Amino acid sequence: MSEYWRRLRYLFRRRQLDRDLEEEIQFHLDMRAQANGAAGLNDAEARSAARRRFGNELLTREHARDAWGW
């Protein structure tokens, strides 16, 4: 029964959950880019390397939504 309520709650809170997920992904990308910058990469290279290491952002979002949804 708790699974049902969790999914129902997701339907009503989807926008907030999507914003939270966006913030979480951005936090991880920023932290990795900062670490890359400290390792000697310039800003553009550091951000690019962070995105490569993170992987497919859209796929990550879809996996999270699948876990929340029906």
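The values are calculated or read from the model by the stated rules, or taken from the named source; none is laboratory data. Everything quoted here is computed from the prediction, not taken from an experiment. Note: ideal-geometry Cβ built from the backbone for every residue, glycine included; neighbour counts use all protein chains shown. All accessible areas refer to the heavy atoms of the entire protein, side chains included, with ligands and DNA or RNA removed. Shrake-Rupley method; radii C 1.70, N 1.55, O 1.52, S 1.80 Å.
Yes or no, residue by residue, for (1) charged (D, E, K, R); (2) open to solvent by 70 Å² or more (accessible area, probe 1.4 Å); (3) touching a Cys at 6+ places or on another chain (Cβ under 8 Å):
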position	(1), (2), (3)
GLU3	yes, yes, no
TYR10	no, no, no
ASP30	yes, yes, no
ALA33	no, no, no
HIS63	no, yes, no
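Return the pair list, or none, for Cβ contacts closer than 8 Å from residues in the range 1-21 that are closer than 15 Å to ARG65 by Cβ to residues that are not in a helix (DSSP H, G or I), at least 6 apart or on different chains.
Filtered contacts from the range 1-21: ARG7/GLY69; ARG7/TRP70; TYR10/GLY69.
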